[in-house]
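Following: one structure in structure tokens, then a few remarks.
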Amino acid sequence: MTITELQSTDVPTPTGPMRTYLVRPTVEGRYPGLVLYSEIFQVTGPIRRMAAMLASHGFVVAVPEIFHELEPAGTVLAYDEAGAARGNQHKITKTLGSYDGDARAALDYLTSSPYCTGTLGVMGICIGGHLAFRAAMQPDVLAAACFYATDIHTQSLGQGLRDDSLERVAEVRGEFLMIWGRQDPHIPRQGRALIYNTLSDAAVPFQWHEFNAAHAFMRDEGPRYDPALAKMCYDMTVNLFHRRLGEAGK
């Protein structure tokens, strides 16, 4: 499908307006909704292209700026050492409650949209994978695709470095797609095993895939990008969302 990127909207949250970008198929109608969570660099070119890819498969996609209360609206951090340092500092400056409030606001924004059927999924990359993991605890999220989600195994998201994401997995009512790179130093084998065992013990429906790939292998810029593997992962993601969220409505 061809797509239309609408103008950004400042979605109200408990910690201030959250700049959010909406991408949808051009053909008028109502589509299942997805919240796409970015890396620490916010809504970069690769993230915009990822949103476009998802929308082209029949979804209305909302992409929020995850550090909206810490950066001016429209800020994109560079893929360099300074950008990474700034994003990593924001990651632990923002409170856990703010992340959760943003998730609820983004989901409500989608369900209120005339382009959305009301069925909801979430997807995220890196820190966004962790945010999607947490957003899956919202009762109306039917599916979550989490790509090399950081800090789940160390429980170190947010201010205080003590998140409860693993402790709350029993709250999940949807299905997870968990994708990892074996050569990713941010989530070592022991960390992946902890997450796998926790999901299994909680009897949460999930798919689990590990590939010979580095961190950020989905990002279509830089030396770690693996186009063939990215295509395979996109196919699995779209399949999950079509299966769990359904098709377009009237």
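Readers should treat all values here as calculations from the given coordinates under stated rules, not as data from a laboratory. Since the model is a prediction, treat every value here as computed from it, not as a measurement. Glycine gets a Cβ as well: all are built from the backbone with ideal geometry, and neighbour counts include every protein chain shown.
Descriptive notes on the structure:
- Against the test of being over 29 Å from residue 186 (Cβ atoms), buried (at least 21 other Cβ atoms within 10 Å of the Cβ) and not basic (Lys, Arg), the options 12, 32 yield a single qualifying residue, 32.
- Residue check, residue 177 surrounded by 15 or more Cβ atoms within 10 Å (Cβ to Cβ), assigned to a helix (DSSP H, G or I) and not charged (D, E, K, R): no
- Restricting the first member to the range 20-38 and to residues that are closer than 25 Å to residue 137 by Cα, and the second to residues that are β-branched (Val, Ile, Thr) and in a loop (DSSP other than H, G, I, E, B), the beta-carbon pairs closer than 8 Å and six or more apart or on different chains are 21/43; 37/66; 38/44; 38/66.
- Within the range 214-231, the residues that satisfy the criterion of being outside any loop (DSSP other than H, G, I, E, B) and either closer than 21 Å to residue 25 by Cβ or free of Cβ contacts under 8 Å to residues at least 12 places away in the same chain (or both) are 227, 228, 231.
- Looking across the range 180-206, the residues that are in contact with a helix residue (DSSP H, G or I) (Cβ under 6 Å, 6 or more places away or on another chain) and either part of a strand (DSSP E or B) or aromatic (Phe, Trp, Tyr) (or both) come down to 180, 206.
- Some residue of the range 172-191 being on the phi > 0 side of the Ramachandran plot and not polar (S, T, N, Q): no
- Across the range 79-132, the qualifying residues are those that are closer than 12 Å to residue 40 by Cβ and of a type in the set (Val, Ile, Thr), and the one among them that is farthest from the chain's Cα centre (by Cα) is 93.
- Residue that is without any contact (Cβ under 8 Å) to a residue 40 or more places away in the chain and either out of contact with any Phe, Trp or Tyr (no Cβ under 8 Å at 6 or more places or on another chain) or more than 17 Å from residue 1 (Cβ to Cβ) (or both), where the choices are 90, 130: 130
- In the range 233-248, residue farthest from residue 39 (Cα to Cα) [restricted to those that are under 18 Å from the mean Cα position of the chain (by Cα) and of a type in the set (A, V, I, L, M, F, W, C)]: 245
- Candidate set: the range 133-167, residues that are more than 12 Å from the chain's Cα centre (by Cα) and of a type in the set (D, E, K, R); chosen: the one farthest from residue 185 (Cα to Cα): 140
- Strands (runs of 3 or more DSSP E) within the range 1-93 that include 2 or more residues of a type in the set (Lys, Arg): 18-25
- Checked against (1) more than 23 Å from residue 119 (Cα to Cα); (2) part of a loop (DSSP other than H, G, I, E, B); (3) touching a strand residue (DSSP E or B) at 6+ places or on another chain (Cβ under 9 Å), residue 209 meets all criteria but (2).
- Search result, residues across the range 128-162 that are assigned to a loop (DSSP other than H, G, I, E, B), charged (D, E, K, R) and out of contact with any Leu (no Cβ under 7 Å at 6 or more places or on another chain): 162
- Test result for residue 65, crowded, with 22+ Cβ neighbours inside 10 Å, out of contact with any Phe, Trp or Tyr (no Cβ under 7 Å at 6 or more places or on another chain) and among the acidic types (Asp, Glu): yes
- On the stretch given as the range 111-127, residues that are part of a loop (DSSP other than H, G, I, E, B) and crowded, with 23+ Cβ neighbours inside 10 Å total 1.
- Taken together, the criteria exclude residue 146 from residues that are touching a residue at least 24 places away in the same chain (Cβ under 8 Å) and over 22 Å from residue 202 (Cα atoms).
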